[in-house]
Each structure stands twice: as structure tokens, then as C-alpha cells.
Amino acid sequence: MAQFNVNTHRFDPYKNFKFRVKWDGRYVAGVKKISKVGFATEPIAFREGGDPSTQRLSPSVFTFEPVSFERGITYDLEFEKWAQLVHHPGGDGGMSLKNFRKDIYIELLDEAARIVKGYKLYRCWVIAYDALPELDSEGNAIAIELLKVAYEGFERDIGVVEQLET
């Protein structure tokens, strides 16, 4: 059975190393890693008095694990500016109640850099920001900046459809 509807010749699933992140209508520079996007729910067990001695299960509240975005440190201020909308260096009075939530759009790209899937994360806000990583005078790694966001839901962009590969 074919795994792809349009490109029935394609055998390999999409890779995870080509992607872009966008918020406020602009692509965010330098993102190198994104944690997984998904949801979970805990089952609620219940039993009616007249039922056999077994439990039924029902879904409870859905939860969305925070998503982390990592990138090498540059002069781009997008991570820091957003983080400061929630926790401003000047104190609570500097928090932006109007602008601290953003929708994030994540694009998964194929090997030819065409968008193959898109996901929109709703009402995201910064819950953690690492401006600097641990520094090591004997190391030789890239300095990584980290932004972690909570979000209240996501959906796949159904407008992104499989394109014919040539």
C-alpha cells in the first residue's frame, strides 16, 4: 500500500531536519531544534452501581506539553523580546497583558525545501527563557539560547497538501 497519495513512488517518510518557525507573521532566525508537539489526557475511571464489577474509562482534561525552541545565540532579539513581555526586567508593570500570547506556526519541509506539513499552536506564552547556556572554557560547543512556551491547543494546517515531486 502506498504511503503517499500523490507521490506513490515515494517510500521514505519525511525527515525531521528541515523546518521553519514563524510568529507575528515573520520567520524566526536560526531555530535549530524544536521539541515535540502533542497532547495527552488522563483517563477517568467510573462505574455505575448496576454495572458488572468493572470500570469504564472516560477522557478527562487534555494537556499540552510545553514546546522548546533552541537556536545558536546571535544578535536577533526575538526570543528575548517575547520573554520580556511576560517577565520584564523592570518588574510586573512592564509585562504586556495585550501581547504576551502569540500563535506559532511550524512548517515541516521536505528535502527540496517545500512545505509538507504545517501546524499552528494557539495562545502560546513564554514559561522559560535561557539567555545563556552553561559556559565552559574548555568546551567547543555552540552557545544555545532556549525559549520554552506553554500553549492551549494546536491544529494541522489542512491547506498544506502533498505536492507532486519531480
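The values are calculated or read from the model by the stated rules, or taken from the named source; none is laboratory data. None of the values given here were measured: they were computed from a predicted structure. Cβ: placed from backbone, ideal geometry, glycine included. Neighbour counts: every protein chain shown.
Quick notes on this structure:
- Of all residues in the range 84-92, none satisfies being in a loop (DSSP other than H, G, I, E, B), without any contact (Cβ under 8 Å) to a residue 12 or more places away in the chain, of a type in the set (S, T, N, Q) and under 17 Å from residue 123 (Cα atoms).
- When the residues of the range 22-52 are filtered to those that are of a type in the set (Asp, Glu) and more than 30 Å from residue 142 (Cβ to Cβ), the one that is surrounded by the fewest Cβ atoms within 10 Å (Cβ to Cβ) is 48.
- Listed by first and then second residue, the pairs linking a residue in the range 1-27 that is in contact (Cβ under 8 Å) with a residue 24 or more places away in the chain to a residue that is among the hydroxyl-bearing types (Ser, Thr, Tyr) and surrounded by 10 or more Cβ atoms within 10 Å (Cβ to Cβ), with Cβ atoms under 6 Å apart and 6 or more places separating them unless they lie on different chains, are 20/27; 22/105.
- Filtered by the rule that a residue be under 30 Å from residue 135 (Cβ atoms), modelled with pLDDT of 90 or more and either β-branched (Val, Ile, Thr) or touching a Pro at 6+ places or on another chain (Cβ under 7 Å) (or both), the range 51-97 gives 67, 73, 74.
- Odd one out for residue 68, checked against (1) exposed (fewer than 15 other Cβ atoms within 10 Å of the Cβ); (2) of a type in the set (S, T, N, Q); (3) assigned to a strand (DSSP E or B): (1)
- Residue in the range 145-165 that is in a loop (DSSP other than H, G, I, E, B), in contact with a helix residue (DSSP H, G or I) (Cβ under 7 Å, 6 or more places away or on another chain) and more than 17 Å from residue 35 (Cβ to Cβ) present: no
- Residues of the range 1-43 classified as assigned to a loop (DSSP other than H, G, I, E, B) and charged (D, E, K, R), total: 6
- Of all residues in the range 93-114 being in contact (Cβ under 8 Å) with a residue 60 or more places away in the chain and over 20 Å from residue 71 (Cα atoms), the one that is surrounded by the most Cβ atoms within 10 Å (Cβ to Cβ): 110
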